[in-house]
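Everything below concerns the one structure shown next.
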Amino acid sequence: MIKKITLFILLISSVTIFSQQTYYNDVNLNLTGTTLKEELATKIISTHTRFLFYDQIWDASKATDVNPNNNQEVVLIYGWENGTDADVTNDRTRGINNNSGNVGDWNREHVYSQSLGTPPLSDEGPGSDAHHLRPADTQRNSSRNNRKFTAGSGFSGAQSNGGWYPGDEWKGDVARMMMYMYVRYDDRCLISNIGIGDNSNTPDDMIDLFLQWNAEDPVSEIEKQRNDYHENLSNQNAQGNRNPFIDNPRLATRIWGGPEAEDIWGIYTNSDTEAPTVPTNLQASNITTFSIDLSWTASTDNVGVTSYDIYVNGNLEVATSTTFITISNLLPDSNYSFAVLAKDIANNASQLSTPLDTKTLKDEEPPTIPQNLVISNETESTFIISWDASTDNTKVGIYEIYVDDVLYGSSNNEMFTANGLAPSTTYKVQVLAVDEVGNKSALSSPVNGTTTNGSATATELFFSEYLEGSSNNKAVEIVNLTNSDIDLSSYSLKRQSNGGLNGADWEWEMSLAGKTIKSQHTFVIVNEAAGEHTDSKSQKARDAGDFLISIADTIRVHDGDTNFGAPINFNGNDPVGLFKNGILIDIIGTYNGGSANFGKDRTLRRKSGVSSPNVNFDLDNEWEIVRVNGVIDKDNADDFGKHSAIVLSTNNFNISGVSFYPNPADDYLKIKNTTNQKVYNVQVFTILGKCLIHQKENIKEINTKQLSKGIYILKFEINNKLYSTKFIKK
């Protein structure tokens, strides 16, 4: 853990007087690179204690963006003219109460365009963060649309490469707002999504364009008054946090490099060119199988040492302001070389210390035995096994699951779904833990798991399919395997943005009230914009979008000004929950799972043995990732609207005019179809379930010459529903 000390204590011997705001007193401003970025992120997230509604931005803007020379006006971003010409769209100011969003008025506009977020920003969270919402002329902002920012000169306007130049007066404002949004919301507000530039010389997604603008355009009085307003929570519409890059643009240079921006605080710019002395007496202690404590004698400097960079095997690992640190996540029985260098406030760096070579301990200790095995969610062919986590001196790697004394599978968490089991059968189940070097615990105490007899039916709805495809091709499917039609009035869907990063919780509730899902039917929910075509989509993606719209049981309205189809606008790391009376009953994705992209560019299909919901997402055992010829198929909607467990007997077949003859069949089984209904995906199975024939389309007859005499199962589809019947080959 990196220990922090205040700048006052750290530089108590320095004669320099610093002028940074007291807001930063608990921030280690001596750090550099992404370590400083993370430090600032922690600060602005923890102090963002009031989350504004989008409508509150009206009043906030009237306070933060008031014209310093006329308190009856607000200053408009992208504007430059004093209002004397005939073009109102280029005005730099406008009456403070002339706000409505109508032509000739000003609106509070998203400088980080909503549609460019990943997923698109709503009017909550980042979409209502006042640090990037600015008054703008409605028409001029509309002419920007969702263009990315790009290089230019002069006044604001579209550029030949399709980007948007905000104007010489506003480019620094824009750069510092985009830096804030990136640090505050991470991948939700990627810099590469909002600006055109090169990030090859930065440690993350930051591009050179914004670093250049930040250096070229000094901080304005408007920016300063916005920061002061929002830190002060006594202001009715203040958030509580500040934009650090307004307070000191040089922070961006220290994180991302590029041209040196203004150092408003004066703490990074001085005549000091003398580097600290090299750290000495580097020692290792408390060596374990996975960690080593390092300590060293402090360096000296003509002004003051501010931080130390620690290198592991020649690579920068971490920075600290103390003379000791614990390096973790090491491998057992492995050699490591450590070195340290010292830095001062002017970023002068010493030479690396003499390397210290040492080795972690060998791991020969097995994990503890898994305890408290529980069997649940039994079906005729599956059940779920769960247990308490084992502990280990290093780290548990996986668990091995044994069924009737045979290794059945493995899991990297404390849950496993056993499938492919026989009905009405009792199995002995045990689990052991394996650490990262292969040490195994003993087997747990056995428990019995018994499958059902096959006559039991499902008792609750659950998710059966999920598609996170191109653009707005987003859909989920719910299945009803119970024996009753179910009124959906008590059910709803919600989404958790980015797996809970930045404190996001369940949001964008979509009620299913007024809908019913019939017994043995599916219910498909689709983003309205899945049917929209863009040149960037492949023909397959366009076809998938059209198909989803055509079969949807309900379509979630996609409004670019409000919801973008939320919650059916999920990204690959956004868990989606099925709720009943406000209580989560099923989930796709891991709640608070962070940035793990469980569903990015994928179609997920619930495995056939699953017959009940599960609030613990089990991708490996309960879901399959749809692939074609071994390759993940991004826009595969083929199975939406049907479910493998729903196969209707021809006794229930209510479409007249379709029949198969003769039965018993000789060389051909023919199809008589006097309707407009298409018969497709015809398959012939043995009684034991082996597929012998599969004809997908344009089917008028089935060649049965190769079949032996006997009874066969015939399955086929009409109107996206599966049907089954028997026939005899004579």
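Taken together, the values in this text are just the output of simple stated rules run on the coordinates, not laboratory data. As the structure is a prediction and not an experimental result, all values here were calculated from the model. Glycine gets a Cβ as well: all are built from the backbone with ideal geometry, and neighbour counts include every protein chain shown.
Suppose the chain between Asp543 and Asp123 were pulled fully straight at 0.36 nm per residue; how much longer would it get relative to their current alpha carbon spacing?
Numbers: separation 420, 0.36 × 420 = 151.20 nm, distance 3.08 nm.
Separation in residues times 0.36 nm, less the Cα-Cα distance, equals 148.1 nm.
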Place a +1 charge on the Cβ of each Lys and Arg in segment 98-234 and a -1 charge on the Cβ of each Asp and Glu, then give the dipole magnitude about the Cα centre in debye, rounded to the nearest 20. 340 debye
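Taking the Cα centre of the chain as origin, work out the dipole magnitude from +1 charges on Lys and Arg Cβ and -1 charges on Asp and Glu Cβ, in debye rounded to 20. Intermediate values should be presented prior to the final figure.
Details: 60 positive and 91 negative charges, 631 e Å.
For the chain, the charge dipole is close to 3040 debye.
Would you mind calculating the gained length between Ser659 and Ser160 on full extension (0.36 nm times residue separation, minus the Cα-Cα distance), in nm to one decimal? Could the numbers behind the result be given before it?
Values: separation 499, 0.36 × 499 = 179.64 nm, distance 6.22 nm.
My answer for the length gained is 173.4 nm.
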When only alpha-carbon atoms count, how far does segment 24-152 stretch along each of its three principal axes, as whole angstroms with the largest first? 51, 31, 31
Charge dipole of the chain about the Cα centre (unit charges at C-beta), most positive-ward option of Gln212, Gly195, Gln283: Gly195
Tally Lys and Arg at +1 and Asp and Glu at -1 over the other residues with C-beta under 9 Å from the C-beta of Asn193: what net charge comes out? 0
Tell me the label-point distance for the pair Asp388, Asn581, using the 7 Å Cα-to-Cβ offset, in nm and rounded to one decimal. 3.1 nm
To the nearest 20 debye, what charge dipole does segment 371-450 have about its Cα centre, counting +1 at the Cβ of each Lys and Arg and -1 at the Cβ of each Asp and Glu? 40 debye
Scoring only Lys, Arg, Asp and Glu (+1, +1, -1, -1) among other residues with Cβ under 9 Å from the Cβ of Gly409 yields -2
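FRET efficiency for Glu317 and Asn201, Cβ-Cβ distance as r, R0 = 25 Å, nearest 0.05?
Details: r = 21 Å, r/R0 = 0.85.
My answer for the efficiency is 0.75.
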For helix 221-231, what angle does its Cα long axis make with the longest principal axis of the chain, in degrees from 0 to 90 and rounded to 10? 60 degrees
For segment 43-59, Karplus couplings with θ = phi - 60° (6.51, -1.76, 1.60), whole Hz, Gly/Pro x: 5, 6, 6, 5, 9, 7, 9, 10, 9, 7, 7, 4, 5, 5, 5, 3, 5
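Sort Met181, Met510 by Cβ crowding within 10 Å, fewest neighbours at the top.
On the way: Met181 25, Met510 20.
Result, fewest neighbours first: Met510, Met181.
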For the pair Ala151 and Ile369, what calculated FRET efficiency results from E = 1/(1 + (r/R0)^6), where r is the Cβ-Cβ distance and R0 = 60 Å, to the nearest 0.05? 0.45
Run the reach check for Lys428 against aspartates and glutamates, Cα to Cα strictly under 20 Å, same-chain hits fewer than 8 apart removed. What comes back? Glu378, Glu380, Asp388, Glu400, Asp404, Asp405, Glu414
Gained length - Cys691 relative to Lys709, 0.36 nm times residue gap less alpha-carbon distance: 4.9 nm
What angle do you read, to the nearest 10 degrees and between 0 and 90, between the alpha-carbon axis of helix 171-185 and the longest principal axis of the chain? 50 degrees
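Between Lys670 and Asp601, how high is the FRET efficiency from 1/(1 + (r/R0)^6) when r is the Cβ-Cβ distance and R₀ = 60 Å? Nearest 0.05. Show your work: numbers first, answer last.
Working: r = 42 Å, r/R0 = 0.70.
About 0.90, to the nearest 0.05.
How do Trp164, Trp106 rank when sorted from fewest to most other Cβ atoms within 10 Å of their own Cβ?
On the way: Trp164 24, Trp106 32.
Least to most surrounded, the residues fall as Trp164, Trp106.
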For the chain, take the longest principal axis of its alpha carbons; what is the angle in degrees between that and the long axis of helix 539-551, to the nearest 10 within 0 to 90? 60 degrees
Step through the residues of segment 368-378 one at a time and calculate ³J(HN,Hα) from phi using the Karplus curve (6.51 cos²θ - 1.76 cosθ + 1.60, θ = phi - 60°), rounding each to whole Hz and writing x for Gly and Pro. 6, 6, x, 10, 6, 5, 10, 9, 8, 6, 5
Label points 7 Å out from Cα along the Cβ direction at Ala422 and Leu407: separation in nm? 2.4 nm
Summing -39500 (n - 2.57) over the DSSP H runs of n ≥ 4 in the chain and dividing by its residue number, what mean residue ellipticity at 222 nm do you reach, to the nearest 500 deg cm²/dmol? -3500 deg cm²/dmol
